[in-house]
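A short write-up of the structure that comes next.
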Amino acid sequence: MTLNLTAEYKMLLALASKAQKNAHAPYSNFQVGAAIIDENAQLHASCNVENAAYPLGQCAEAGAISAMIASGSKQIKQILIASPNDDFCPPCGGCRQKIAEFADAQTEVHLATKNGQVKTVKFAELLPLAFGFET
C-alpha cells in the first residue's frame, strides 16, 4: 500500500516521527506522532502526552491542532498520524471531531505505520456526518 510519496507527505512523516520520539507514554507504551500542513503551508507537530489520570492525557492530533491554532492558522490541509507499530493508527473519536473543527470533507488524512505502509483517506471517510461541516 506504499504510494509515490509527495514532498509534502515526506515532510509530514519526518516531523511526525520526530515528535513521536518525544511522546510521554509511560502507561501504554504507545507513542504516537502527528503533523499538520495548514492553509499557509506551515507545519505543526505534536506527540501524545499521557497522564496517570487517563482522561487528562492528550492525543498527538490534539497537540498538533493546538500548535496550529497557537501559530495563527485555522485550517488543516493535510494531517499525518504516525503509528508506533505495523498497524494503522486512525484518530480516536474525540480527535476526529477535533479535526472536523478545522478541516473539510476532502482534507487528506495520512496513516503511516512503523514498517512504511501508508494509507490516505479523505476526512469524510473517517467521520461521516460530523458536527460542524457539510459533506
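Values as computed for the structure displayed
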| read-out | value |
| --- | --- |
| The lone exception for Leu13 - which of (1) within 13 Å of the chain's Cα centre (by Cα); (2) in a helix (DSSP H, G or I); (3) without any contact (Cβ under 8 Å) to a residue 40 or more places away in the chain it fails | (3) |
| Residue in the range 21-29 that is under 20 Å from Leu126 (Cβ atoms) and either in contact (Cβ under 8 Å) with a residue 12 or more places away in the chain or touching a Phe, Trp or Tyr at 6+ places or on another chain (Cβ under 8 Å) (or both) present | no |
| Among the candidates Asn22, Asn29, residue that is part of a loop (DSSP other than H, G, I, E, B), under 17 Å from the mean Cα position of the chain (by Cα) and under 17 Å from Ser83 (Cβ atoms) | Asn22 |
| Any chance Asn48 is at pLDDT 95 or above and within 21 Å of Pro84 (Cα to Cα) | yes |
| Considering residues of the range 119-135 that are within 18 Å of Leu80 (Cβ to Cβ) and not charged (D, E, K, R) only, the residue surrounded by the most Cβ atoms within 10 Å (Cβ to Cβ) | Phe123 |
| Odd one out for Gln42 among (1) over 17 Å from Thr107 (Cβ atoms); (2) modelled with pLDDT of 95 or more; (3) surrounded by fewer than 18 Cβ atoms within 10 Å (Cβ to Cβ) | (1) |
| Condition check for Gly116: in contact (Cβ under 8 Å) with a residue 60 or more places away in the chain and loosely packed, with under 15 Cβ neighbours inside 10 Å | yes |
| Pick from the range 55-78, criterion of a type outside the set (D, E, K, R), free of Cβ contacts under 8 Å to residues at least 60 places away in the same chain and outside any helix (DSSP H, G or I), ranking: surrounded by the fewest Cβ atoms within 10 Å (Cβ to Cβ) | Gly72 |
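The values are calculated or read from the model by the stated rules, or taken from the named source; none is laboratory data. Everything numeric in this text was worked out from a predicted model, so none of it was measured. Quick reminder, even Gly has a Cβ in these numbers, built from the backbone with ideal geometry, and neighbours come from all protein chains shown.
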